[in-house]
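Taking it in order: structure first as structure tokens, then the write-up.
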There are 2 protein chains.
Amino acid sequence: MPQPAADTVTEGQPGLIVPKTERGRRTLRALLDAAALEFGANGFHATGITDITRRAGVALGSFYTYFASKEDIFRALVSDLSGQVKTEVAPHVEAAPDALSRERAALAGFLDFVTRQQLIYRIIDEAEFVAPDAYQGHYRKTVARIAARLEDGAAKGELRAGVGEVEAWAIAGMNVFLGLRYGVWGEGEELSEVVARAHRLVAEGLGRR
Amino acid sequence: MPQPAADTVTEGQPGLIVPKTERGRRTLRALLDAAALEFGANGFHATGITDITRRAGVALGSFYTYFASKEDIFRALVSDLSGQVKTEVAPHVEAAPDALSRERAALAGFLDFVTRQQLIYRIIDEAEFVAPDAYQGHYRKTVARIAARLEDGAAKGELRAGVGEVEAWAIAGMNVFLGLRYGVWGEGEELSEVVARAHRLVAEGLGRR
DNA sequence: GTGAAACATGAATCAATATTCAACTTGAAA
DNA sequence: TTTCAAGTTGAATATTGATTCATGTTTCAC
């Protein structure tokens, strides 16, 4: 009886099975990769388990060795991709010399990621409805990173004092919408121009000096 | 044969039937209202046609007198709500004396709307996946209004020159995320504080003066 | 008052598909 | 070489729920 034995479990992701053999790890990865492509292209509800297993080159039944349900694999995917976004953007940010340019670098890195991984990125967005907990988790973590950067910048005197969580949510929203409009829906607009304009807004605001 | 006769159609919404009698108008409205509650509370896919008709106090079959499909009523609803958001926010904006306070008023009005109409508001968000065209339409219109305000402000010398579409998308994203975080997920944070902070970001940016 | 168009009804249809299950295979440790 | 836990398989199940349709009722213009 191959009931997903509640055995080893990765970081707080209840229900996520960790394979014990190399063969198992390969199958698990194949399923996740296939799911990313299918969910990204067709969305959660239009994607069938068979679409995923077919693309992964795996039997239908094997799916349930690794995931308890369709929602389960979606949740796992969101964690996976949340990590990817962070990993892609981080080096850009770290290379920047001061607080303001760190925010510009974060936006530039994010726009770049979204543009290259449009389908993939939509999965995170759809999580708002398919896996709200995973969605909240992703953005709470993202915003916490931004807020930490801002507070650090303020402490160093590179930003005005008092910036914090609200400003971080505002910036996150800005970035996400610019990503949607110019990264996903974009029709060849110059991304560096978008970054420059958005950054000026963040740095100086809209008022006359 | 009560096939939705392709007859009169409201503003560019193909497939939307306009009832010819008072009774029909009442039923249509009951369906839209019920759908808003059900979709808002349970989401598109968890909501059945029967949930909508039951709540509306109408027979299952009557649904198809007015809508060709479940997606059809969802689309109609998004248009409906898009109009409501605009109508709710507009008076706040118009009462404001200058460009910068207009943006503050818009955010304040929007946060207020989202807080009072949380369930309703989620429908617009879910449209990104259920009715992408309606979703794009909503935001393109919203952003066009913001951009027009900004350009007007710049022309009057109340804002710096050169602000436009990119800035408008940035502000829209800011507002939406603040609405999600403090309006929908909020746990009693002081909204006026949120508005004040976000507005200072828009007016002055994060840099030191 | 009459007739036709508009609207209402809900049981029956019908396709989709997530999930289960019992039998089979693999691979590595003993 | 045997053994067994781990992994694989895909046909069968079971439910769900959107859509159809044939029939009944209401409205209103004439």
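The values are calculated or read from the model by the stated rules, or taken from the named source; none is laboratory data. Remember, it's a predicted structure, so these values are computed and weren't measured experimentally. Positions of Cβ are backbone-derived with ideal geometry, glycine not excepted, and every protein chain shown enters the neighbour counts. Surface areas here come from the heavy atoms of the whole protein model, side chains and all, with no ligands, DNA or RNA. Shrake-Rupley method; radii C 1.70, N 1.55, O 1.52, S 1.80 Å.
Structural remarks
- Enumeration of residues in the stretch B:70-109 that are within 14 Å of another protein chain (Cβ to nearest Cβ) and within 16 Å of DNA strand C (Cβ to nearest atom): B:LYS70, B:GLU71
Okay, residues lined up against (1) more than 7 Å from chain B (Cβ to nearest Cβ); (2) in a helix (DSSP H, G or I); (3) buried (at least 23 other Cβ atoms within 10 Å of the Cβ); (4) in contact (Cβ under 8 Å) with a residue 60 or more places away in the chain:
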site	(1), (2), (3), (4)
A:GLY173	no, yes, yes, no
A:LEU178	no, yes, yes, yes
A:TYR182	yes, yes, yes, yes
A:GLY186	yes, no, no, yes
A:GLU189	yes, no, no, no
A:VAL194	no, yes, yes, yes
A:ALA203	no, yes, no, yes
A:ARG208	no, no, no, no
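- From the options B:ARG75, B:ARG26, residue that is over 26 Å from A:ALA46 (Cα atoms) and either modelled with pLDDT under 95 or part of a helix (DSSP H, G or I) (or both): B:ARG26
- Test: B:ALA68 is within 16 Å of DNA strand D (Cβ to nearest atom) and outside any helix (DSSP H, G or I): yes
- Among the candidates B:ARG102, B:ARG122, residue that is within 30 Å of A:ARG122 (Cβ to Cβ) and open to solvent by 20 Å² or more (accessible area, probe 1.4 Å): B:ARG122
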